[in-house]
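Here is the structure we will look at.
The values are calculated or read from the model by the stated rules, or taken from the named source; none is laboratory data. Owing to the predicted nature of the structure, the values given are computational and were not obtained by experimental measurement. Cβ sites come from the backbone with ideal geometry, for glycine too, and all protein chains shown count toward neighbours. Heads up: the accessible areas ignore ligands, DNA and RNA and are worked out on the full protein's heavy atoms, side chains in. Shrake-Rupley method; radii C 1.70, N 1.55, O 1.52, S 1.80 Å.
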There are 2 protein chains.
Amino acid sequence: MIYTAHITIMPLKELLDPQGKAVIGGLSNLGISNIKDVRIGKRITLQVEADSSEAAQVIAEDATKKLLANPVMEQFEIQMA
Amino acid sequence: MIYTAHITIMPLKELLDPQGKAVIGGLSNLGISNIKDVRIGKRITLQVEADSSEAAQVIAEDATKKLLANPVMEQFEIQMA
């Protein structure tokens, strides 16, 4: 069966997020000044072939650790749909 | 008050996602072959100053339409935390 896994990857809280800071500047140039903080990460949707949702989650976690997320700078969360 | 808005921006279903296709190739090089499809989008977290959660959502939607998402290629979804 095919299972859907949603992976959210965000920059670690301790780190500056330069892309987010740039967006705050862009918003303020557009006259939107009540957005105080912006953090930008990735959202990845996987279609995983597996025998069970649990097995699919293990595969998604493996893929995230090996390729998708950088644990030095990012934290991730996996949600099975 | 400060409200948190989570914005998920994904490439439209009708469009090819070249970044996702590249990741499928990368996964297969790592020996992970049971992931059949990958779609890569953005996840943005905003801290919005507003009088109510509804007002904060309106501001987040405005910011998303004006700066964060490209409606020609992307769809978005806003979730208030």
For A:D37, what residues show an amide H to amide H distance below 5 Å, using hydrogens built from the backbone and excluding near sequence neighbours?
B:Q47
Whole-Hz ³J(HN,Hα) for each residue in region B:73-81, computed from phi via Karplus 6.51 cos²θ - 1.76 cosθ + 1.60 with θ = phi - 60°, x for glycine and proline: what do you get?
10, 9, 10, 9, 9, 10, 10, 8, 8
For chain A, the percent of accessible surface on carbon and sulfur atoms (probe 1.4 angstrom, ligands and nucleic acids excluded) is 54
7 Å along Cα→Cβ, label-point gaps from B:G26 to other copies, nm, shortest first
2.2
Look at the axis of the rotation that sends chain A onto chain B, then give the chain A residue with the nearest Cβ and the distance in whole Å.
A:R43, 2
For A:K13, go 7 angstrom from Cα along the Cα-to-Cβ vector, then report the distances to that same point in the other copies in nm, smallest first.
3.6
Not counting ligands, DNA or RNA, and with a 1.4 Å probe, what is A:M80's accessible surface area in Å² rounded to the nearest 10?
50
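With all protein chains present and a 1.4 Å probe, how do A:S53, B:S28 order by accessible area, largest first?
Most to least solvent-accessible, the answer reads B:S28, A:S53.
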Can you give the angle from 0 to 90° between the axis of helix A:18-29 and the longest principal axis of chain A, with both taken from C-alpha atoms, to the nearest 10?
50
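Pulled fully out, how much extra length does the chain show between A:L30 and A:M1, if you take 0.36 nm times their separation in residues and subtract their Cα-Cα distance?
Full extension of this stretch gives 5.8 nm more.
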Which angle from 0 to 90°, rounded to the nearest 10, does the C-alpha axis of helix A:53-63 make with the longest principal axis of chain A?
60
